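The values are calculated or read from the model by the stated rules, or taken from the named source; none is laboratory data. Please read all numbers here as calculations on a predicted model, not as lab measurements. With ideal geometry, Cβ positions are generated from the backbone for all residues, glycine too; neighbour counts draw on all protein chains shown. The protein model used for the area step is the full one, side chains on, heavy atoms only, and it has no ligands, DNA or RNA in it. Shrake-Rupley method; radii C 1.70, N 1.55, O 1.52, S 1.80 Å.
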Amino acid sequence: MVLQNLPKATTDIQDWTWDEFQVHYDELEARTLTADSIQGWLKDWSDLAMTLYETYNRLYAAVTKDTTDERMDVLFKKYVDEFFPAAQAADQALKMKLISSGLEPPGFEIPLRNMRAEADLFREDNLPLLTQEIKLGQEYDKIVGAQTVTWDGKEITVTQLQPVYQDPDRDVRERAWRLASSRQLQDRQAMNDLWGKLLETRQKIAANAGKPSYTEYRWQQLMRFDYTPDDCRQFHDAIEKVVVPAVSRILEERKQVLGIQSLRPWDLEVDISGKPPLRPFTNARELVGKAAQIFHKVDPQLGEYFNSMQREDLLDLENRKGKAPGAYCTDFPQAQRPFILMNAVGLHDDVMTILHETGHAFHVFESVNLPYFHQMLYGAEIAEVASMSMELLSTPYLPETKGGFYSQQDTARARREHLEGILRFWPYMSVVDAFQLWVYENPQAALDPANCDAKWGELWKRFMVGIDTSGLDDWMVTGWHRKLHIFEAPFYYVEYGIAQLGAIQIWRNSLQD
Ligand SMILES: [Zn+2]
């Protein structure tokens, strides 16, 4: 073992320079690879990569737990600026060494396949273009971030206006909605200009890598070896056939209950039970206690995993000043533990978030025993199956009588909302995915934003039935401007649709067995 003197605690990194890691990478690169030595070599590389990965994750956890911790902030930036690029280059060298050795260690087929795909796409010429693509993505963030409106005398972002769409007063909702959409449409030209630049950059990237289309380039980059664009089209067709009619029935009922002539875009988020929002808990201790009871009901082993996270301070759940927004689950593979951060304030969303993130955490517990770090990296298609199926497997235990948070009636309301949300996501996902398949198959046509508008409008009409958009054409056809993934993470969206289907299948199996 050459790696005995690697840093043990995250804060050790402050005394380390990259050179002290590079020594180990150099040693690994100098070793002769044979069928006999390969497993020891992989183990050492795995430990080294894992140390760096875990250090990053621990620093990330520290700076998100407390964004005002200046010491951690310095360490985090040191990692991102110095260690991250150096580690990427050093790992790349070892990947190339492994590939060119021609050895196929058992259990390493999938990591090797991924490394070969990555190496095949790599072109020095593309590095500046990939940087440019990221910068153009930041332009998108800037445009959206600057979209503010005046509401109740205060300047707020269009995103902050979203809770108003749940207001029981229809006029208030419509006023907010129209305010947001007219502000967004002011940036129509800016979005179209940005789009042209992005599309041209992506075309060049694909051409440099010797790929006939950006679709092929991106497919390989996203490591999609198990499904094709045609499979995605079939998925859209199935959604159109099965899900769209179900959503149409749900929206028809919504219209009836709300007692309105037609369902407008501002009528989709308001709760139709006419009851105030659910208030499931008052503090994080209560949230953890009830969540633990639910997980024990789902499976005693899962309940035990959750208790260990509680004991070892791996749950940071309560919203507080100085904490980063949002929610995530990350992993510390050397410690063989997950870590969850979220910002609970007592809403039903918080309950769903902890069920979701803990699904990811259970996945970590079950995968950290694999021999090599490189085997623990998996795609979103399966990662989200763990989290989304945990939502579905735990919601039957939401009633207080089963250890959860709600009355029978409120549980029914929460579960219905959850299942409707799943159904309503699939058609929208199909619009986003089918749109992008069209774009990168017809890049010349897609350079003209008018063609993009027409295509989006056509797909919207095909999948998003039951919503009356009359008089709102400009808003409807520019929907692609409002989907971040189309600008910043091309094609990365169908993953959620696939994972949701996997989760539904696990849930179905659980109902039968
Ligand atoms: Zn997730």
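Here are the numbers for the structure shown:
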| quantity | calculated |
| --- | --- |
| The lone exception for D69 - which of (1) more than 22 Å from the chain's Cα centre (by Cα); (2) open to solvent by 90 Å² or more (accessible area, probe 1.4 Å) it fails | (2) |
| Residues of the range 188-234 classified as crowded, with 18+ Cβ neighbours inside 10 Å and part of a loop (DSSP other than H, G, I, E, B), total | 4 |
| Filter result for H485 (in contact with a helix residue (DSSP H, G or I) (Cβ under 9 Å, 6 or more places away or on another chain), in a helix (DSSP H, G or I) and buried (at least 21 other Cβ atoms within 10 Å of the Cβ)) | no |
| One residue from E400, E384 being in contact with a Phe, Trp or Tyr (Cβ under 7 Å, 6 or more places away or on another chain) and open to solvent by 40 Å² or more (accessible area, probe 1.4 Å) | E400 |
| Unmet criterion (only one of (1) more than 25 Å from the chain's Cα centre (by Cα); (2) surrounded by fewer than 18 Cβ atoms within 10 Å (Cβ to Cβ); (3) free of Cβ contacts under 8 Å to residues at least 60 places away in the same chain) for K455 | (2) |
| Residue among S470, S389, S407, S430 that alone is within 16 Å of the ligand (Cβ to nearest atom) and of a type outside the set (A, V, I, L, M) | S389 |
| Residue, modelled with the highest pLDDT, within the range 157-187, restricted to residues that are outside any helix (DSSP H, G or I) and surrounded by 15 or more Cβ atoms within 10 Å (Cβ to Cβ) | D187 |
| Residue check, L317 of a type outside the set (D, E), buried (at least 19 other Cβ atoms within 10 Å of the Cβ) and in contact (Cβ under 8 Å) with a residue 60 or more places away in the chain | no |
| Selection from the range 244-261 of residues that are surrounded by 11 or more Cβ atoms within 10 Å (Cβ to Cβ) and in contact with a Lys or Arg (Cβ under 9 Å, 6 or more places away or on another chain) | V244, V247, I250, L251, L258, I260 |
| Some residue of the range 286-300 being open to solvent by 80 Å² or more (accessible area, probe 1.4 Å) and touching a Phe, Trp or Tyr at 6+ places or on another chain (Cβ under 7 Å) | yes |
| Residue within the range 346-354 that is touching a Lys or Arg at 6+ places or on another chain (Cβ under 7 Å) and away from the ligand (no atom under 11 Å from the Cβ) present | yes |
